[in-house]
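*Asks:* Encoded as structure tokens, here's the structure I'll be asking about.
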Amino acid sequence: MNQLYVLGARQKKLRLKKEDEWNLYEEALIVEIDTQTSTAKNRIKYCTPPDARSSDNASHIFKASTISGNILYACTSTEVLLFKLPEFEQIGYVSLPCFNDLHHVTPSSDGNLMVASTGLDMVVKFNKRGDILKIWPVLGGDPWSRFSPEVDYRKVDSTKPHQSHPNFIFELNGEPWVTRFRQRDAICLNHPEQSIDIAVQTPHDGLVCGNRIYFTTVDGRLVIANAGTHQVDRVIDLKEIGGTNDLLGWCRGLLPVDDRRIWVAFTRVRKTQFTENVLWVKKVFQEGMGEKPTHIALYDIVEGRCLAEIDMEPHGLNVIFSILPAFEGSARSQSHTDAQD
């Protein structure tokens, strides 16, 4: 697995020290990285069209995405895009009024799609034509008790503070599950009494590999749960592995290579923006502590070693949401650009 796709965005050159996240990124990027040479190619540069964003100043960013077969299911904050690999030919597009601050898209086992519409604290299931099939409010109750079905939330900058902030969707035995940031857990959407307690910190990814579910927590830990028992088997603190006092960054995005090696992504934390969602930084930050750049790192979780680190900032990525295995036989064509302003 020498070739990886890394999805995220390029940050704007800031005129002000404080800039809201929903206005922070100027271009969504998919970068293919050769992990042996640390060389990279831009495979997609993308900007959300005006009719699917809140303003001219809105961020352009790829959030957590999924590859199934030869299709890449990618999402921005308000859109779902389907690309055929290895050509990165766009073959599908859905954008719905209930899409706000999307954090993850994945195909469901029945051939439809599911997104975490984080801004509305819900998971939405829909088909490739954009017909909504089901809505799960991740805190239960009526999905429209706090929001209005008449509002186009793609045009709303932010609905924060979120009561749950669902992040990442996965399936167990055909049942959809989602991680919940504020509740520090993952729940089965159809049977919410079934849950996985991720108490150590707020989670992001929940990736199923065999009988294991790998979760990242934002402060740099891997939580490994048993897919059968729904119990946490192991917690690995990556801060203790790296051998450095530097702040690793906001941890989200992971890709297991095998039972012992796993790629993990970190986004640089800007110390000027310690908001309510990064209170963990205040707890671990010490005077004189450096900041790691936005990077990906390969860990041996058996021996507790960091095997490699690749700085992604020279390749244009200032925020990372996904690490995915590059499609076998991936073309080495020049950068491809879609839907630019």
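Every read-out reported here was derived from the displayed coordinates using simple, explicitly stated rules and does not represent laboratory data. For clarity, every value in this text was computed on a predicted model and none was experimentally measured. Positions of Cβ are backbone-derived with ideal geometry, glycine not excepted, and every protein chain shown enters the neighbour counts.
*Asks:* Quick check for me: using +1 on Lys/Arg Cβ and -1 on Asp/Glu Cβ, what's the dipole size of the chain about its Cα centre, in debye to the nearest 20?
*Replies:* Details: 38 positive and 44 negative charges, 108 e Å.
Roughly 520 debye for the chain.
*Asks:* Taking amide hydrogens as modeled 1.01 Å from N in the peptide plane, which residues meet the under 5 Å criterion relative to E175, leaving out close sequence neighbours?
*Replies:* Amide H neighbours of E175: none.
*Asks:* At K12 and E87, where each label point lies 7 Å from the Cα along Cα→Cβ, what is the point-to-point distance in nanometres?
*Replies:* Computed distance between label sites K12 and E87 equals 3.5 nm.
*Asks:* I've got another one for you. In nanometres, what is the gap between the two model label sites at A199 and E26, each 7 Å from Cα along Cα-to-Cβ?
*Replies:* Once both label points are built, they end up 4.6 nm from each other.
*Asks:* I need the peptides 72-83, 245-256 ranked by packing, meaning the mean over residues of other C-beta atoms within 10 angstrom, with the highest value on top.
*Replies:* In descending order of packing, they fall as 72-83, 245-256.
*Asks:* For the ranges 232-241, 163-172, 91-100, what's the packing order if you count other beta-carbon atoms within 10 Å of each residue, average per peptide, and put the highest first?
*Replies:* 163-172, 91-100, 232-241
*Asks:* Let me ask something additional. Per the helix-only calculation at 222 nm, which mean residue ellipticity applies to the chain, given -39500 (n - 2.57) for every DSSP H run of n ≥ 4 and division by its residues, nearest 500 deg cm²/dmol? Spell out each step's value before the answer.
*Replies:* Working: 1 runs with 6 residues, N = 341.
The per-residue figure over the chain is -500 deg cm²/dmol.
*Asks:* Roughly how many whole Å is it from the C-alpha centroid of the stretch 1-80 to that of the stretch 144-200?
*Replies:* 22
*Asks:* Rounded to the nearest 5, what % of the DSSP beta bridges within the chain are antiparallel ones? Could you put the intermediate results ahead of the total?
*Replies:* Details: 95 of 100 bridges.
Around 95 percent antiparallel, to the nearest 5.
*Asks:* What is the distance in Å between the Cα centroid of the stretch 204-230 and that of the stretch 86-107?
*Replies:* That distance is 24 Å.
*Asks:* Let me ask something else. List the residues, sorted by chain then number, that are 5 or more residues from A308 or on another chain and whose placed amide H is less than 5 Å from its amide H.
*Replies:* Under 5 Å from the amide H of A308 lie the amide H atoms of L298, each far enough along the sequence or on another chain.
*Asks:* Taking θ as phi - 60°, what are the ³J(HN,Hα) couplings along the stretch 66-78 by the Karplus curve (6.51, -1.76, 1.60), each to the nearest whole Hz, with x for Gly and Pro?
*Replies:* 9, 10, 9, x, 9, 10, 9, 9, 10, 9, 9, 5, 9
*Asks:* On to the next question. Karplus couplings for the stretch 25-31 from phi (6.51 cos²θ - 1.76 cosθ + 1.60, θ = phi - 60°), rounded to Hz, Gly and Pro as x?
*Replies:* Whole-Hz 3J(HN,Hα) from phi for the stretch 25-31: 10, 9, 7, 7, 10, 10, 10.
*Asks:* Specify which labelled value, from (1) 1.03; (2) 0.92; (3) 1.07, agrees with Cα Rg over 2.2 N^0.38 Å derived from the coordinates of the model shown.
*Replies:* Label (2) holds the value from this structure.
*Asks:* Which order do the peptides 298-306, 104-112, 2-10 take when ranked by the mean count of other beta-carbon atoms within 10 Å per residue, highest first? Please report the intermediate quantities before stating the final value.
*Replies:* Numbers: 298-306: 15.1, 104-112: 16.8, 2-10: 22.4.
Highest mean packing first, the order is 2-10, 104-112, 298-306.
*Asks:* Here's something else I'd like to know. What is the sum of charges around R146, taking Lys and Arg as +1, Asp and Glu as -1, for the other residues whose C-beta is under 15 Å from the C-beta of R146? Write down the numbers at each step before the final one.
*Replies:* Values: positive: K160, R182; negative: D101, D121, D142, E150.
Cβ neighbours under 15 Å give a net charge of -2.
*Asks:* I would also like to ask the following. Given H placed on each backbone N at 1.01 Å, which residues far from S108 in sequence or on other chains put an amide H within less than 5 Å of it?
*Replies:* Residues meeting the amide H criterion: L113, M114.
*Asks:* Going toward the positive end of the dipole of the stretch 3-338, with +1 on Lys and Arg Cβ and -1 on Asp and Glu Cβ, which of A186, F126, P166 do you reach last?
*Replies:* The Cα lying farthest towards the positive end belongs to P166.
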